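Participant: Got a structure for you, written out below as structure tokens; questions coming shortly.
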Amino acid sequence: GTEREPGASGGSGGEQCQGATAAQDRYRQAWQTARTQLGLRTLDPVPEQVCEVETTKYAKPPGVDGYKIAFAAQGPTNSWGLSSEEAFKRQAAARNVQVLYASAGGDAATQVDNIAQLAAQEPDAMVVVPMGDAITGQVQAAARQGIPVVLCSGRLGPGSGAVSTVTRQYELLGGMYAEWLAQKLGGQGKVAMLSGLAGVPTAEHQRNAAKRVFAKYPGISVVTEQYTQWSPTVAKTVAANLVTQFPDLNGIWSDSGYGDMGVVAAYKDAGKPVPPLTGDAVNGFLKAAKGDPRLEFAVSSFPPEQSTQCLDTALAVLNGQPVLDKVYIDSPSFTNAELDRYVRPECGDNLLIPSGLPPDQLRELKLC
Amino acid sequence: MLIGTGVAAVAATGLTKRYPGVTALDEVAISCRPGRVHALVGENGAGKSTLVRVLTGNTAPDAGEISFRGRPVTLPSPRHALELGIASVHQELTVLPELTVAENVLLGQEPAARGRLDRRAGGRTVAEALDRVGLAGLDPARRAGELSLANRQLVEIARALVRGGRLLILDEPSAVLSGDARQTLFGVIRALATDGVAVLYISHLLDEVRTLADDITVLRDGRVVSSGLAHGYDVRRMVREMVGREVDLVYPSLLEAGEPTVLEVRGLVPRTAGPAPAPVDLTVRAGEIVGLAGLVGSGRSRLLRTVAGARPRAAGTVTVNGWKVRGGLRRAVAAGLVLVPEERKADGLVLELPARANVTLAKAPRGWLSVRRERAAFAEDQAKLGIRAVGPDQPTGQLSGGNQQKLVLAKWLRRQPSVLLLDEPTRGVDVGAKVEIYRLVSRLAGRGMAVLIASSELPEVLGMCHRVLVCRGGAVVGELSGEARTEERALRLALGVAE
Amino acid sequence: MTTLTAAATERRTPGNGLAGAIRGGGAVWAVVLAGLAGLTLAHGPGFWSPANMAGILAGTVVLGLVALGQHLVVLGGGIDLSVGSTATLAALLTAILIDGYPIRTVPVVLAVVMLGALIGLAHGLLVSAARLPPFIVTLATLYLLQGVALMISTGPAGQVSSALSGFALGRLGPLPYALVVLIVAVALVAFLLRRTAFGRHLRAVGGDPAAARAAGVRVNRVRVVAYLLCGALAALAGVLLAARATIGSPTAGVGLELSAITVVVLGGTSLLGGRGSLVGTLGGVALLALVTGSVTVLQLPATLTELIRGVVILIAAAVFVTRRSR
Amino acid sequence: MALAPAAGLALVLVLALVTTPGFYSAEVLALVLFQVGLIGITALGQTGVLLVGGIDLSVGAVVGLTTVIVAAYSGGSPDRLATGVGLAAGAGLLVGAVNAGLVLARRVPPFVATFATFVLVQGAITAWTRGAPAGAIPPALAPLGTGRVLGVPVPAWVFLGLALVAGLLLARTGFGRRVYATGANRAATALSGVRTGWVIAACYLGCAGLAVLAGLVNAGYLGYVDARLSRNLDLNSIAAAVIGGVALTGGRGRVTQTVTGVVLLATLLTWLVQLGAGPGAQLVVAGSVILAAVWLRTAEEDTERRSW
Ligand SMILES: Nc1ncnc2c1ncn2[C@@H]1O[C@H](COP(=O)(O)OP(=O)(O)OP(=O)(O)O)[C@@H](O)[C@H]1O
Ligand SMILES: Nc1ncnc2c1ncn2[C@@H]1O[C@H](COP(=O)(O)OP(=O)(O)OP(=O)(O)O)[C@@H](O)[C@H]1O
Ligand SMILES: [Mg+2]
Ligand SMILES: [Mg+2]
């Protein structure tokens, strides 16, 4: 027909949203917390409707070996991926869940095949750490096959067919960094934006949220937008250019602590003070910040351990308990004022702060 | 037939082609008439192949006109020439090793119906063409790379025949061909001429030119020296005009060979994939020149390569001056045993490097390289061997065949070897250079070097060598020396027919 | 004449069969078969289940299409590093232009494939008419096309019609529908290579352009056609990427070029051109799909998956020995 | 002909002048020179491999491997630095040896052989570090990456020195002669008594060795281990050499061409960052400039040769 089709089948559309009032409150509360933690005057939540999803149709008893849950993971391409998986597996062991695992190696195209292959093994439920929007169709296919899918630490567009999305909200992160920076600069100044990888949702959602915030401040001008590939090496090269090109730069909005490590190194080499800076809390950055008392920053985290909540959500679905279509993870945000509380000088640069993994496991993974 | 009928198939005037440092063609005028075989002779580097490339649209001339059947034409690409009916066999083989024989024959002229290859028609055409060049027994589905050089050349000729043009240009087609195949080729050429095709024929084998040609043009340094009916030329005149002076066309007289045995080969069996050939024994004394004769594929090249350590042996010993040489080319070279291989472009030279670099390649220093000294070395060899080149820095690929061959010789002579193995040393080399190579070899032998020559030119082996060993099936089946060195005996031995 | 030689009849060199098979890409299939046998032993019924088969086969379609195009270009003595970016751009445009309207499906798919062909045409002209080295030309367009995709959208965009995504995601038993596209493309390329003058000319051009030109082959035209087909096939792969994703993303085809070249070379095609085996290329595709699939099926530890991939490629590469001495 | 690649460089310089005021400052120049050093060190190794008709895709993996080994072994302690560097060099050379072994002994096409080792090394790093490399870079390495002598970054000096050495080695020594000869015609060179296998192996080992050095420069530059480093299939080293005019078919190309290519690429990359044109535009500009640069490099004298 000539009609436009709706955004594919099923999914977490808002058609018959059971007003999850409590959840809605918790959502606003998360923004409120971040606001207080960073000491912001204002931080307006992005409008978002959280609904409760009926899951009785997915309810089923566990098999003899417990539930079989597929986990389409990012793969151990960095400490985040590693920690996410370790936390998931630990939780699975505790809950007597059998895990079917697949690693995407950080690549969406590989994950498309991973999901197809995991679905072929007929798991009771599937947890997917989305590597990009390219997997949408395959997630829909799995959902149509009757497998309840929980998206974990990331999201897809509406109509993906996932029962629930469990993640730290990108808009919260990108937005609060921008708000902190704008307020720190008194609404005036030149800002550089350093994102991760072009075209990758994790980077683009945060960047877009930040730009919406900066747009509210006419005095703030974004002088350049660069990508760091979440690599401190690339970030340092980019930042070295910032030093020379914008000697009067007032602030740096960055979405990652890995990038910040490079930024700090570049400014240190140039013998210049680092402008106020944002990012996620990576121990290497915090350790570097400790050596520079003048450094002002605001960080939060995208905790890898949220995978445990993804698993729990999947289990709730299998038990037929109602779940929220969007579960937003809360996690501490802090500024340089609280550095000493969070930094782990005894641990490695790659540790993500605050870590939810027990100390013995951190040691075993050589993170501490 | 005295004079061909009608207008010239192709006529060129004022053709000029310059390369950096050389004028390959200098106001050349030539005309080929239907029904006649026009031979083009000249020294290596005279410009023959350049003329062919210009006439076939492979190279654009700097100046000059070409007219085809009376009408002026421009030939921006080989395809234009082919469409006019100018077919050619180039000196550089253009047979593609990865394509099959049939695919090679039909290349660029595949019969097709609505885009789809007409295999049956193609098969018929190929079979017919192969039959005409005497390759009736060859499987057209074989990969051309597996064929011997000679058969690849015949495949190339078959390709030109399929084109069935009005002008057929053959650039040294016979250089790699055996006697039989040459006769077949001559038959084909005569038949074409009778059908009214104009043939331009290039060869260094002047006897062959004499028997085949109706007209002759002599080229020297890119200029036409003379042109006329073949009757007016004998070999002497051709040589004189080619070289620009009188050349004594006799083999240098053989000096008495010395006493000590320099090269001794005992029970040598090359490692082969198929059945092993019989073990070979041979000796060469100091100052002795020994020839290896045999049919194509009789195993001469393989034997030489095995002796030189360029391919592995299955059994046997090679002794040089009393020292046993174990396998491997480097050990052989160290012992003073060197090989001038048969395919000089593929195996003898690095064409991309300047001439001086090839001369010093076998003795390149471990440490610093002095360009000055290298140039000096080249100048020395140039004088000694009469190498013609623009200068020491000319890319080797631009040198003519004979000069390239001398370069390979020069390379090895720098190592002052005591045994020199020469595989087809005069293939594609002009008469003048040939004589120079003969003299050089005989001079080297005179200084006590042991020389082993494999050649398909029987008169050459018989004239140059003290002794001739005849090969068949990879084995040495007979030896001729002194008065017994006759072509007939050699042939009988090679073919394996009793006297 | 006094030359002593007679044309001996040529004999086939012994071992031609085996050498031929290896040259024909047999080695990769040997590795694939060994892998299949191993997987059957280790995980028999689960591995051969229709759903699992379909999963693995579906993984061959996109790579297979891109590899087919690459095969043509490499056979002709070129290389195309831009296929991943072409596929990305095609995927993004497919989703954006269809935007959920079923009626647009066919015209958009055709237009996108045409666009791919145009990109290929540009490559072909730059390489043959302007005589620029293909490696740099396509490296430049690798960046350029990816840049264009990101300029169009940095995020997910558009939406394909359900018919298209249904086709890309559906299966009949162990056979994904999308496999049909690959099979048709393989048949077409095989036909071109074996049954048309183009196929022969392509190998001739790859083997020795000067010789091919001298034989009257339109060298430039042949090259241009190869690049054009390669671009069109890459775009078709992009369409399938979009169809599988149901939406467009500016990173859909990132990295495909290396897999494609690897697969082609693993299959026994020479990067110098002129020699290649379609069967081998398909074997390479099967091998890569199998490696990715089996890691999931066998539930091997994640930290080892890349190591295993490397070891398998290394073994496959080391197994195929092309002794081409005269 | 020698000026041709420089035309591309001139193009970038003019574009930079027009679009980014302040590009011609000492500070930006230093940034360019740093990039020159970083890209150049591996490009020199790549040049050797290209000259013998090969290609080395494992360079990026060796660079990453070096930083991981140095960090893990030394743990940031200066006394263990030397041993760590030694271990890294050993590992890097092992990769080079595997490449050479595959190419020579098994006649694996270099593209596949080195791609396989690239994936393998990357896999080995992942298997070993589980994605999160531990340890720290000893500060003693910092001068190698961040130091400046006479205002010029140390990596650029290192590159300059190495380029001189490589230039002399290739153009003025018997070894260089053997490299060119081997790349241009291996059969004829081997038949001249040159151990072509060793020549080729030396090039792969040299390339791996330079990749190790580049890894040390990288480690010194950043002071941390960058887990992403080994995941980059580093095409810059190849691109620089090829843009400069080194033939991918072997036997043709000079170090000066590689240097030109390196400078061109480094200038381009720095200019792109300064341009700050956004992700898409940045790539579009990069692609267009590379195209224009090769276009300006007038058609090679011998275009009918196979050369991709
Ligand atoms: N591509 C080229 N570049 C530079 N010089 C060339 C080139 N091709 C040929 N020449 C030079 O032009 C001259 C004529 O060469 P040509 O090949 O036509 O000689 P020829 O008569 O065919 O010799 P031969 O008998 O050895 O085949 C030689 O001096 C050669 O060095
Ligand atoms: N025309 C051929 N037909 C069959 N086999 C051949 C032919 N040419 C070479 N061979 C193979 O190679 C072996 C030795 O060939 P080789 O080239 O050494 O002979 P040759 O006498 O030097 O011939 P040529 O004069 O062509 O160089 C033969 O025994 C055969 O196995
Ligand atoms: Mg000639
Ligand atoms: Mg021979």
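Participant: Once phi is turned into θ = phi - 60°, what whole-Hz ³J(HN,Hα) does the Karplus curve with 6.51, -1.76 and 1.60 give for every residue of segment D:74-88, x standing for Gly and Pro?
Facilitator: Going residue by residue, I get 7, x, x, 8, x, 5, 8, 4, 4, 4, x, 4, x, 4, 4 Hz, with x marking Gly and Pro.
Participant: Next up: So how many Lys-Lys pairs in chain B land under 13 Å Cα to Cα, not counting same-chain pairs under 8 apart?
Facilitator: Numbers: B:Lys17/B:Lys48; B:Lys345/B:Lys406; B:Lys363/B:Lys411; B:Lys384/B:Lys406; B:Lys384/B:Lys411; B:Lys406/B:Lys434.
Number of lysine pairs found: 6.
Participant: Then there is this: Nearest 0.05, what FRET efficiency do A:Arg144 and C:Arg195 give at R0 = 56 Å with Cβ-Cβ as r?
Facilitator: Numbers: r = 41 Å, r/R0 = 0.74.
So, using R0 = 56 Å, E works out to roughly 0.85.
Participant: Note the angle between two axes, namely the Cα long axis of helix C:26-48 and the longest principal axis of the Cα atoms of chain C, as a number of degrees from 0 to 90, rounded to the nearest 10.
Facilitator: Tilt relative to chain C: about 30 degrees.
Participant: Let me ask something additional. Calculate the dipole size of the protein assembly as shown relative to its Cα centre from +1 charges on Lys and Arg beta carbons and -1 charges on Asp and Glu beta carbons; express the result in debye to the nearest 20.
Facilitator: On the way: 134 positive and 105 negative charges, 635 e Å.
Dipole about the Cα centre, nearest 20: 3040 debye.
Participant: Also, quick follow-up: Count charges around B:Leu409 for me, please; just the other residues with Cβ under 11 Å from its Cβ, Lys/Arg as +1, Asp/Glu as -1.
Facilitator: On the way: positive: B:Arg344, B:Lys384, B:Lys406, B:Lys411, B:Arg414; negative: B:Asp381, B:Glu436.
That works out to +3.
Participant: Pull up all non-local amide H partners of B:Val197: gap of 5 or more, or a different chain, and H-to-H distance under 5 Å with H placed in the peptide plane.
Facilitator: B:Gly35
Participant: Once the cut-off is 36 Å, how many percent of the Cα-Cα pairs in segment D:4-300 end up in the long-distance tail? Kindly include the intermediate steps, with their values, before the conclusion.
Facilitator: Values: 6782 of 43956 pairs.
For segment D:4-300, the share of Cα pairs beyond 36 Å comes to 15 percent.
Participant: Given the C-alpha centroids of segment D:196-221 and segment C:106-125, what is the distance between them in whole angstrom?
Facilitator: Their Cα centres are 41 Å away from one another.
Participant: Across segment B:99-106, in residue order, what do the Karplus-derived ³J(HN,Hα) couplings come to in whole Hz, using 6.51 cos²θ - 1.76 cosθ + 1.60 with θ = phi - 60° and x for Gly and Pro?
Facilitator: Values per residue, Gly and Pro as x: 8, 6, 4, 4, 4, 5, 4, 8 Hz.
Participant: Oh, and also: Evaluate E = 1/(1 + (r/R0)^6) for B:Leu255 and D:Ala26, where r is the Cβ-Cβ distance and R0 equals 56 Å; express this FRET efficiency to the nearest 0.05.
Facilitator: Numbers: r = 76 Å, r/R0 = 1.36.
Between B:Leu255 and D:Ala26 the formula returns 0.15.
Participant: Taking amide H positions as placed 1.01 Å from N in the peptide plane, with prolines and chain starts having none, which residues 5 or more places from B:Ala314, or on another chain, fall under 5 Å of its amide H?
Facilitator: B:Val269, B:Arg271
Participant: Given the alpha-carbon gyration tensor of segment B:107-251, what are the semi-axes of its equivalent ellipsoid in whole angstrom, ordered largest first, with each equal to the square root of 5 times an eigenvalue?
Facilitator: Values: eigenvalues 237, 57, 34 Å².
Ellipsoid semi-axes (Å, largest first): 34, 17, 13.
Participant: Determine the gain in length on full extension of the stretch B:Asp234-B:Asp281; use 0.36 nm per residue of separation and subtract their C-alpha separation, reporting nm with one decimal. Mind showing how you got there, number by number?
Facilitator: Details: separation 47, 0.36 × 47 = 16.92 nm, distance 4.26 nm.
My answer for the length gained is 12.7 nm.
Participant: Return a whole-number percent for the relative contact order of segment B:261-495, with Cα pairs under 8 Å and 6 or more residues apart as the contact set.
Facilitator: Numbers: 467 pairs, mean separation 68.8, N = 235.
About 29 percent, as a whole number.
Participant: Expressed as cubic angstrom per residue, what is the convex hull volume of the alpha carbon set of chain C?
Facilitator: Cα convex hull per residue, to the nearest whole number: 158 Å³.
Participant: Extending each Cα 7 Å along its Cβ direction at D:Thr19 and A:Ala22, get the distance between those two points in nm, one decimal.
Facilitator: It works out to 5.6 nm between the two label points.
Participant: Please give the helix C:134-152 orientation as an angle from the longest Cα principal axis of chain C, in degrees from 0 to 90, rounded to the nearest 10.
Facilitator: 10 degrees
Participant: What does the net charge come to around D:Ala190 if you take all other residues with beta carbon closer than 10 Å to its beta carbon, with K and R at +1 and D and E at -1?
Facilitator: Numbers: positive: B:Arg330, D:Arg186, D:Arg195; negative: B:Asp347.
After counting each charged neighbour, the total is +2.
Participant: Give the dimensionless ratio obtained when the Cα radius of gyration of the protein assembly as shown is divided by 2.2 N^0.38 Å.
Facilitator: Values: Rg = 36.3 Å, N = 1501, 2.2 N^0.38 = 35.4 Å.
Computed over Cα atoms of the protein assembly as shown, the ratio equals 1.02.
Participant: What's the magnitude of the charge dipole for segment B:261-495 around its Cα centre, counting Lys and Arg as +1 and Asp and Glu as -1 at the beta-carbon? Answer in Debye, nearest 20.
Facilitator: Details: 36 positive and 21 negative charges, 183 e Å.
Once rounded to the nearest 20, the dipole reads 880 debye.
Participant: For segment D:218-232, just list the computed ³J(HN,Hα) in residue order, Karplus coefficients 6.51, -1.76 and 1.60, θ = phi - 60°, integers in Hz, with x standing in for Gly and Pro.
Facilitator: So the Karplus estimates, Gly and Pro as x, are 4, 4, x, 5, 8, x, 10, 8, 9, 5, 7, 4, 6, 8, 8 Hz.
Participant: A further question on this structure: Please report Rg over Rh for segment D:185-225, where both radii come from the alpha carbon positions and Rh follows the Kirkwood definition.
Facilitator: On the way: Rg = 16.4 Å, Rh = 12.2 Å.
Ratio value, two decimals: 1.35.
Participant: Give me the net charge of B:Asp214's neighbourhood, meaning all other residues with Cβ under 10 Å from the Cβ of B:Asp214; Lys, Arg count +1, Asp, Glu -1. Don't skip to the end; give the middle numbers.
Facilitator: Values: positive: B:Arg33, B:Arg36; negative: B:Asp215.
Summing Lys/Arg as +1 and Asp/Glu as -1 gives +1.
Participant: Helix C:302-319: angle to the longest alpha-carbon principal axis of chain C, degrees 0 to 90, nearest 10?
Facilitator: 20 degrees
Participant: So who's got an amide H within less than 5 Å of the one on A:Lys326, skipping anything under 5 residues away but keeping other chains? H placed 1.01 Å off N, in plane.
Facilitator: A:Cys51, A:Thr165
Participant: I need to check one value: relative contact order of chain C, counting alpha carbon pairs closer than 8 Å and at least 6 residues apart, in percent.
Facilitator: Numbers: 579 pairs, mean separation 115.5, N = 326.
Answer for chain C is 35 percent.
Taken together, the values in this text are just the output of simple stated rules run on the coordinates, not laboratory data. Since we're looking at a predicted model, the values are computed, not measured. Every residue, glycine among them, receives a Cβ derived from its backbone with ideal geometry; neighbour counts consider all protein chains shown.
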